[in-house]
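Colleague: A single structure is presented below for examination.
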Amino acid sequence: MAQATTWDEPWQDQVVKGADHFVLAKVTEHDEKKGLTVTILRSLDGSNLAGSIAITDFYLLDICSTSGGHGPEFHVEKADTCYFFLKKNPQGTYSLATPTTGFATVRQNKVAATYRHSYHQALVPQAVYEPTMTAIFNHYHGKSYDATFIKSFLNQTLALPPATINEESMATFFLQHAALETIYHLGLTDFYALVQPFLRDSQNFHAQISAARALTPTNTPEAKQQLLALLKDKTTTDFTKTVAVWTLAAYKPIELKPELQKLAKHASTEENGFGGNIMDPRVCTHMPSVKDALAKLTEQL
């Protein structure tokens, strides 16, 4: 029998909200089953966590299947330098979110960053990742952050035309992904106009997803109509439509219930998800169909 352990991977906001600490650390010991020993290089959460600590388990691991006693393993390697989101556990050691998220590896001043979900990572400069993710951590934990840096980064990055996913513009694409997701996490409403070109970029579903998420704090009639337009557009991917429904749900748009019910009648029932390799342990990560997402929203209104 093939050995398989799979889990439902959490989204980045769940990871950050559930963590007690955000640090930069170097892995000094690695045992794929027992855990990691890391040396803190920088504490970024204001707690001054320092020294050598043990990471021994996981705080958001929602197991879907196990086989042959093959449990979850630590995927970080010895000598890696990573940003870690850590939660203090009852044993006095620390926990990661899952084996595949809650850390971001640094190589040559570039970070393999998760702003949305570990299935959708971005390679961004360390000089961008650290201040944006520190701001996101601080925001979710009720602390202040460097709003001047954030405003400058967002204005400069989103003033550029939406980048395409190719070798020449990939660096800009990743920065724009980080910028749009930062708007979502920080709940910012001052960048609505800058988000619009990305919401209309039907050639790049990643940009549309991030733009739909970035509208979450902007509960206005115009924003609602923009999201409804995405739901009605036959060229919009099902994944993007489900995210648009989630953003609408944040608005609690009671006045749109009849229109949403009408859309639900003809909405896609196709299986929705991140795709990827069937051998990936995150394979059971749940994503509702557009019809199911709309049905849930209308039931709540």
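Colleague: What is the extension gain from Glu255 to Ser47, computed as 0.36 nm multiplied by their sequence separation minus the C-alpha to C-alpha distance, in nm to one decimal? Walk me through the numbers before you get to the answer.
Modeller: Values: separation 208, 0.36 × 208 = 74.88 nm, distance 4.50 nm.
Here the segment from Glu255 to Ser47 would lengthen by 70.4 nm.
Colleague: Another question, then. If the limit is 22 Å between Cα atoms, which of Lys151/Lys241; Lys17/Lys143; Lys232/Lys291; Lys17/Lys257; Lys151/Lys232; Lys17/Lys241 go over it? Please list the in-between numbers first.
Modeller: Working: Lys151/Lys241 28 Å; Lys17/Lys143 12 Å; Lys232/Lys291 13 Å; Lys17/Lys257 31 Å; Lys151/Lys232 33 Å; Lys17/Lys241 25 Å.
Long pairs (Cα-Cα over 22 Å): Lys151/Lys241; Lys17/Lys257; Lys151/Lys232; Lys17/Lys241.
Colleague: Nearest-5 percent of antiparallel DSSP beta bridges in the chain?
Modeller: Values: 33 of 36 bridges.
So the antiparallel bridges in the chain amount to around 90 percent.
Colleague: While we're here: Which three extents, in angstrom, do the Cα atoms of the stretch 170-260 have along their principal axes, listed largest first?
Modeller: Result, largest extent first: 42, 28, 18 Å.
Colleague: Quick one: of Lys34/Lys88; Lys33/Lys110; Lys234/Lys296, which pairs are farther than 18 Å apart, Cα to Cα?
Modeller: Working: Lys34/Lys88 16 Å; Lys33/Lys110 28 Å; Lys234/Lys296 21 Å.
With Cα atoms farther than 18 Å apart: Lys33/Lys110; Lys234/Lys296.
Colleague: Once fully extended, how much extra length lies between Lys34 and Cys284, figured as 0.36 nm per residue of separation less the alpha-carbon to alpha-carbon distance? Could the numbers behind the result be given before it?
Modeller: Working: separation 250, 0.36 × 250 = 90.00 nm, distance 2.40 nm.
Here the segment from Lys34 to Cys284 would lengthen by 87.6 nm.
Colleague: Next question. Hey, what's the per residue convex hull volume over the C-alpha atoms of the stretch 1-146, in cubic angstrom? Each step should come with its number before you reach the end.
Modeller: Details: hull volume 16.5 nm³, N = 146.
Enclosed volume per residue, from the Cα hull, is 113 Å³.
Colleague: Could you list the trypsin sites (Lys or Arg not before Pro) in the stretch 1-58 that lie in coil according to DSSP, counting only those with at most 14 other Cβ atoms within 10 Å of their Cβ? Write down the numbers at each step before the final one.
Modeller: Values: sites: Lys17, Lys26, Lys33, Lys34, Arg42; in loops: Lys33, Lys34.
Sites meeting the loop and neighbour criteria: Lys33, Lys34.
Colleague: Defining a contact as two alpha carbons under 8 Å apart and six or more residues distant in sequence, what relative contact order in percent does the stretch 175-301 show?
Modeller: Numbers: 144 pairs, mean separation 27.2, N = 127.
21 percent.
Colleague: Continuing with the same structure: What FRET efficiency comes out for Lys26 versus Gln203 if R0 is 41 angstrom and r is the Cβ-Cβ distance? Round to the nearest 0.05. Numbers along the way, then the final one.
Modeller: Details: r = 40 Å, r/R0 = 0.98.
It comes out at approximately 0.55.
Colleague: Specify which residue in the list Gln196, Ala171, Leu248 is farthest towards the positive end of the charge dipole of the stretch 152-257, using unit charges on the beta carbon of Lys, Arg (+1) and Asp, Glu (-1), about the Cα centre.
Modeller: Of the listed residues, the answer is Leu248.
Colleague: What is the log10 of I(q)/I(0) for the chain, computed with the Debye formula using one identical point scatterer on each Cα and no solvent, at q = 0.07, 0.16 Å⁻¹?
Modeller: Here the Debye-derived log intensity ratios amount to -0.28, -1.35.
Here, each number is a calculation from the coordinates, and none is a lab measurement. Computed from a prediction, not measured in an experiment: that's the story for all the values here. So basically every Cβ, Gly included, is an ideal-geometry build from the backbone, and we count neighbours across all protein chains shown.
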